[in-house]
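Here the structure is laid out as structure tokens; the discussion comes afterwards.
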Amino acid sequence: IELPHRLVLTVTERQPRAVLAGGGRFWLLDKKGVPYEELDKPLPRLPVVQVAAAVLPADMTLGKPLHTAWLPDTFRLLTLLDTAPNLGGAKITVDQNLNLCLNRLAAAEGHFGLRDCRRAGESGRLH
């Protein structure tokens with residue numbers, strides 16, 4: 001507020017950080033993990049965070065921050081992808097046990113967490 005009689009407001013438009021996908025629905029997430037717009041489908045050039053229905057917050061509301069155990073690690077992984085463009089991550093999957101799976105554009109996968117995320121028959125090592 002500037003005196004006398006002047007109010008100055010600065011409005012900053014939210015910038016999308018990722019697309020949250022779960023239960024057949026899609027939302028834009030900002031850098032603070034706030035879903036702020038529902039979409040018909042994922043947007044190109046934005047990473048997708050695919051969440052198992054079992055860990056998708058039932059009380060999710062547009063404009064309200066998500067308070068989930070998986071979100072901080074997911075955003076750390078997104079930040080890592082930003083600093084290492086050669087990884088080219090396209091999709092992060094969060095399974096019902098809160099394991100993260102990174103699916104890259106080049107069709108290679110990285111698995112983080114327990115082996116529940118892995119395809120049947122794979123070895124037990126992280127790759």
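Some notes on this structure:
- Each 5 Å bin from 0 upward holds the following percent of the Cα-Cα pairs of the range 13-56: 5, 27, 34, 25, 7, 1, 0.
- Extending 7 Å from Cα along the Cβ direction at N97 and again at A84 yields two label points whose distance is 2.3 nm.
- Accessible heavy-atom area order of T93, T74, T12, highest first, probe of 1.4 Å: T12, T93, T74
- Amide H partners (placed H, <5 Å) of Q50, local residues excluded: A21, I92, T93, V94
- Checking every one of the GluC sites (Glu not before Pro) in the range 1-48 against DSSP loop status and a limit of 16 other Cβ atoms within 10 Å picks out E13.
- With the simple model of a label 7 Å out from the Cα in the direction of the Cβ, T10 to V55 spans 3.6 nm.
- For the range 1-96, the carbon plus sulfur part of the accessible surface works out to 55%, probe radius 1.4 Å.
- A69-E38 FRET efficiency (beta carbon distance; Förster radius 30 Å; 0.05 resolution): 0.85
The values are calculated or read from the model by the stated rules, or taken from the named source; none is laboratory data. Please read all numbers here as calculations on a predicted model, not as lab measurements. All Cβ positions, even for glycine, are placed from backbone atoms using ideal geometry, and neighbour counts span all protein chains on display. To get the accessible areas, we keep the full protein, side chains included, count just its heavy atoms, and leave off ligands, DNA and RNA. Shrake-Rupley method; radii C 1.70, N 1.55, O 1.52, S 1.80 Å.
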